[in-house]
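Throughout, read-outs are computed from the coordinates displayed, never taken from laboratory work. Note that this is a predicted model, so its numbers are computed, not measured.
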Amino acid sequence: MLTFYHSPNSRSTTILALLHELGATDRVAIRRVDILRQDGTGARDPANPHPEGKVPFLTDGADWVRERGAIVAYLCERFPEAGLAPMPGEPLRGRFLSWLSYYQGVMEPVVVGQVMGIDHPAFYATFRDTACMAERLAEALRAGPYLLGERFSAADLLLHSPFAWFPQMCPDVPEIKDWVARCAARPANEWARVQDAGGPELPAEPA
Ligand SMILES: N[C@@H](CCC(=O)N[C@@H](CS)C(=O)NCC(=O)O)C(=O)O
């Protein structure tokens, strides 16, 4: 059985929205847990099995998945009928996986580095800079409304998320701003926001 550990208004909100996009909110046990937040509120929750007490975290029986990119890929494969990702052997599978890894390996460090004011040649050599990141996104979005072209995918859900949460971090590039607005307006994101604001209780166990 899949169990998803979630804390409202955190990185795991993206996964909550993904479960809604996948039509899987009643097929995964969703456990709300506390986390230690950067403003000092909250605390590590002993009910969360993540090795560092973070969210999101997904368990599947004795197996587990951490990091949003991996969780996105895992859930999309588990619920392929939703069409949120090209499956193995389908066109654009490579680009889809690349965007998920680009998010984890490059985008998040670049965005956090920008917030922290990191300015170091080794940082730029490893990750490049915000202008380069913006150009990678914009060149994909010039070819279509979404990262894979005409098709919305879970990669859009993941990669737009930091800019939806922190609009001041969004590159001032029309293609990117329009894409962020397009993704943020999806009903699944609104549904997740309502849940996180104390909306109706989620089922604790799948039906
Ligand atoms: N790279 C991880 C980051 C996870 C992460 O840092 N989550 C934050 C919430 S936004 C957290 O759980 N913080 C609690 C802590 O650091 O103890 C991912 O994308 O899944």
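Annotations
- Based on the convex hull around the alpha carbon atoms, the range 81-130 presents an average projected area of 4.5 nm².
- Based on the convex hull around the alpha carbon atoms, the range 1-106 presents an average projected area of 7.2 nm².
- Cα centroid of the range 1-33 to Cα centroid of the range 63-88, whole Å: 13
- Taking θ as phi - 60° and the Karplus parameters 6.51, -1.76 and 1.60, the scalar couplings of the range 65-82 work out to 9, 10, 6, 4, x, 5, 5, 4, 4, 5, 5, 5, 6, 6, 10, x, 4, 6 Hz in sequence order, x denoting glycine and proline.
- Under 5 Å, built H, 5+ apart or other chain: amide partners of Val33: His6, Ser7
- A P(r) calculated from all alpha carbon pairs of the chain, with 10 Å bins opening at zero, reads 8, 34, 37, 19, 2, 0 percent.
- Out of every Cα-Cα pair that the range 93-186 contains, those further apart than 22 angstrom amount to 22 percent.
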